[in-house]
Amino acid sequence: MLNSIKKIALALSASALVLACTPTEKIDKEPMKVIDHHTYAQPDEALITHLDWEANVDFNTKTITANATFTISKTENAQEIILDTNGLSIKGVKDEKGNDLAFKIGNEKPFLGSPLIIKLNNDTKTISINYKTGVDAEALQWLSPQQTADEKSPFLFTQSQAILARSWVPVQDSPGIRFTYNAHVTVPKGMLALMSATNPTEVSNNGVYDFKMDKPIPAYLLALTVGDITYQRLSERTGVYAEPSVIKAAAYEFEDMEQMVEAAEKLYGPYQWGVYDLIVLPPSFPFGGMENPMLTFATPTILAGDRSLVSLVAHELAHSWSGNLVTNATWDDFWLNEGFTVYFEQRIMEAVYGRDYSEMLALLSLQDLKKEVASILAGKKPEDTQLKLNLEGRNPDDGMTAIAYDKGYYFLRLIEERVGRDKFDAFLKDYFTSNAFHSMTTDEFITQINSKLFEKNGLPIDESLYADWIFGEGLPANCPQPQSDRFENVEKVVEQWVNGTPMEELFTPEDIMTKKWSSHEWLHFLRSLPNDLSLAQMQKLDEVFQFTYSRNSEILAAWMVHVIKHQYEPGYQNLENFLVHTGRRKFLSPLYAEMAKTDEGLKMAKEIYTKARPNYHYVAISTMDKMLNWQE
Ligand SMILES: [Zn+2]
């Protein structure tokens with residue numbers, strides 16, 4: 001039964017109060033009832049609606065000193081407002097008249113940090129918190145010049161998702177609570193500062209920058225980066241930021257960005273955030289990309305030189321609708337952000353590069369999904385293979401697996417295949433428009449799809465869809481199966497080679513220059529190789545294709561799995577280089593996991609990790625520490 005899974009709501013909805021603050025919207029439905037286990041906030045009592053942030057970024061002490069002034073909305077009787085903090089030192093809190101407000105910092109809990117409880121007067125309208133970040137603030141990564149591409153200037157970037165915003169701003173850190181913000185930020189002269197907001201394109205004389213985000217966003221989309229950064233415009237509303245030595249390659253790689261925005265708009269309605277820019281960060285950025293509004297943060301590992309890894313841009317762009325416009329109400333509903341985004345990403349890729357291209361991506365996603373399902377089912381929490389999660393008492397990061405992304409995608413693709421693309425697209429377009437700037441729970445999604453897709457079109461509602469996919473474990477048998485002639489060809493080539501046909505007969509020299517195959521085909525080739533390759537076969541592959549020296553990070557990472565598995569020593573040095581210089585968790589996890597399978601491998605993993613760990617962001621460190629049983 002679906003109802004048995006519903007949570008009893010304690011709080012009047014946060015989204016209802018946000019609705020009250022956006023006068024153009026009218027409340028036309030029951031307020032959504034939500035409990036977020038990952039915030040101390042009590043939004044039914046008092047809620048933040050706007051932030052004015054005045055900050056000073058100090059690279060010497062690796063801290064940010066700031067004043068966070070929130071406009072608040074509260075019930076008549078509210079005595080206090082509660083914000084989330086983690087490691088912040090709070091110096092004082094004042095109201096709009098400059099009077100001190102009493103405050104108290106509650107006990108710290110794992111992952112959640114501490115509540116900041118501020119006493120309110122009857123007429124308090126704003127609270128202004130003076131504070132400093134801790135030296136180990138989890139969202140912040142301070143890089144030395146040597147850790148950047150140009151090695152000239154230090155660099156700072158933030159990663160707030162899922163609940164790390166509270167380590168650099170005291171805030172109601174729940175995806176169901178939205179606010180607008182302005183910021184006034186001082187950084188060392190000569191450096192550029194950027195946020196998830198309207199951004200400068202040139203370095204200022206005095207190191208001072210002003211930012212404005214006039215659309216309500218949740219705290220996990222707060223973002224800041226500071227460094228020796230330059231800008232290149234790509235179209236009227238798209239552009240790219242990067243360190244000076246990287247900007248040319250970045251502008252080349254992302255040339256199709258405007259085309260992607262247009263394809264996305266054609267599918268699901270206008271892009272609502274004004275400009276769409278992307279910054280290529282230094283290699284320690286832990287994710288492929290982060291969909292910070294107006295400014296996607298991206299890893300340099302997608303700079304392949306041939307635009308072959310730009311599906312990541314389609315993904316982050318798609319989040320401008322799924323996630324940033326319609327937001328998972330809690331981290332238990334994370335699949336609503338990511339499953340929709342992978343579906344949308346595939347549709348953008350199909351529109352721009354064709355179906356045979358996007359089907360290869362779909363198949364790679366299915367491979368990832370099957371692997372993830374098998375590995376989670378083998379562990380202690382098989383229920384983590386459900387789309388709807390229960391992360392109470394856990395780090396929400398535990399829910400950031402391929403389930404939310406790829407099982408979510410296949411669930412939506414199954415619905416598309418059942419009802420037909422036209423009807424599904426009409427539903428999605430309406431879903432993004434009518435729920436824009438609101439949060440969404442899994443239950444509310446089911447209500448909406450039942451009425452606005454199935455009932456509206458006179459189609460039967462199939463409850464088993466939800467029982468199997470959303471609330472059921474594993475991968476349901478009715479999972480759609482993509483078809484790709486290009487991948488079938490790759491499989492044939494692997495088979496022939498394994499059966500003794502020489503490589504030279506299977507590949508012409510031109511094929512080998514990767515002109516015939518896309519990165520996806522190479523990736524599929526590497527993933528399809530048998531597990532018992534001989535040393536001679538490894539040598540042959542490396543001699544012909546130079547995989548050990550590939551500049552394509554996806555191909556390199558897939559090859560390195562074989563390097564470890566087959567103890568192919570000529571690859572070891574580059575394996576180490578890659579792991580020391582790249583902080584993208586997607587690559588780190590499978591490589592360290594492969595090493596950890598044997599005693600000797602684990603020893604090697606720990607040796608490499610000792611050198612690499614200082615270069616990783618907190619989110620990568622927390623995963624790898626656990627995997628390698630690391631004690632500092
Ligand atoms: Zn995403």
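With all projection directions averaged, the alpha carbon convex hull of the chain covers 27.9 nm². With the helix formula -39500 (n - 2.57) applied to DSSP H stretches of n ≥ 4, the chain reaches a computed 222 nm mean residue ellipticity of -10500 deg cm²/dmol. Scalar couplings 3J(HN,Hα) for segment 616-629, obtained by applying the Karplus form with A = 6.51, B = -1.76, C = 1.60 to θ = phi - 60°, are 8, 6, 3, 5, 6, 4, 5, 5, 6, 4, 5, 4, 9, 6 Hz; x denotes Gly and Pro. In plain terms, the C-alpha convex hull of segment 387-506 casts an average shadow of 11.5 nm² when viewed from every direction. For segment 191-293, the Kirkwood hydrodynamic radius from C-alpha pairs, put into Stokes-Einstein at 20 °C and a viscosity of 1.002 mPa s, yields a diffusion coefficient of 146 µm² per second. Once divided by 2.2 N^0.38 Å, the Cα radius of gyration of segment 14-318 becomes 1.01.
The Cβ shell under 10 Å around N121 holds other residues with a net charge of +1, Lys and Arg each +1, Asp and Glu each -1. Restriction of the GluC sites (Glu not before Pro) in segment 459-489 to DSSP coil positions whose beta-carbon has at most 16 other beta-carbons within 10 angstrom yields E473. Legend: ranking of residues E372, E495 from fewest to most surrounding C-beta atoms inside 10 Å; resulting order E495, E372.
Of the chymotrypsin sites (Phe, Trp or Tyr not before Pro) found in segment 456-522, none is in coil by DSSP with at most 14 other Cβ atoms within 10 Å of its Cβ.
Using the count of nearby Cβ atoms within 10 Å as a rough guide to exposure, how do W142, W53, W559 rank from fewest to most?
Details: W142 18, W53 22, W559 28.
In increasing order of surrounding Cβ atoms, one gets W142, W53, W559.
Amide H contacts under 5 Å for M440: T327, N328, A329, restricted to partners 5 or more places along the chain or on a different chain, H placed in the peptide plane at 1.01 Å from N.
Kirkwood hydrodynamic radius computed over segment 538-632 comes to 13.3 Å, based on all pairs of distinct alpha carbons. Where does the Debye-calculated log10 I(q)/I(0) of segment 326-470 sit at q = 0.12, 0.22 Å⁻¹, using only Cα point scatterers of equal weight, no solvent? Values returned for q = 0.12, 0.22 Å⁻¹ are -0.50, -1.52. Sorting I177, I35 from the fewest to the most surrounding beta carbons within 10 angstrom yields I35, I177. Would you compute the Debye intensity of segment 34-115 from its alpha-carbon atoms alone, equal scatterers and no solvent, and pass along log10 I(q)/I(0) at q = 0.20, 0.27 Å⁻¹ to two decimals? Scattering profile of segment 34-115, log10 relative to I(0): -1.14, -1.52. Remark: segment 470-626 carries a charge dipole of roughly 740 debye about the Cα centre, counting +1 on each Lys and Arg Cβ and -1 on each Asp and Glu Cβ. Over all other residues within a Cβ to Cβ distance under 15 Å of L222, the charged ones net out to -3, with Lys and Arg as +1 and Asp and Glu as -1.
Computed over the alpha carbons of segment 90-142, Rg followed by Dmax gives 13.3, 41 Å. Structural size metrics of segment 506-582, computed from C-alpha coordinates, are Rg and Dmax of 12.0, 35 Å.
Students often get this wrong, so check it: of K371/K606; K104/K132; K540/K586; K248/K586; K370/K586; K371/K407, which have C-alpha atoms separated by over 20 Å? Walk me through the numbers before you get to the answer.
Details: K371/K606 24 Å; K104/K132 16 Å; K540/K586 27 Å; K248/K586 26 Å; K370/K586 16 Å; K371/K407 12 Å.
K371/K606; K540/K586; K248/K586, as the Cα separations exceed 20 Å there.
Taking amide H as placed 1.01 Å from N in the peptide plane, A41 has its amide H under 5 Å from the amide H of D173, each at least 5 places away in sequence or on another chain. Phi angles across segment 179-188 convert, under the Karplus curve 6.51 cos²θ - 1.76 cosθ + 1.60 with θ = phi - 60°, into 3J(HN,Hα) values of 7, 8, 8, 10, 9, 10, 10, 10, 10, x Hz, Gly and Pro given as x.
Read-outs: derived from the displayed coordinates by stated rules, not from any lab. Predicted model, so just to flag it, every value in this text is computed and none were measured. Glycine also receives a Cβ, built like all others from the backbone with ideal geometry; neighbour counts cover every protein chain displayed.
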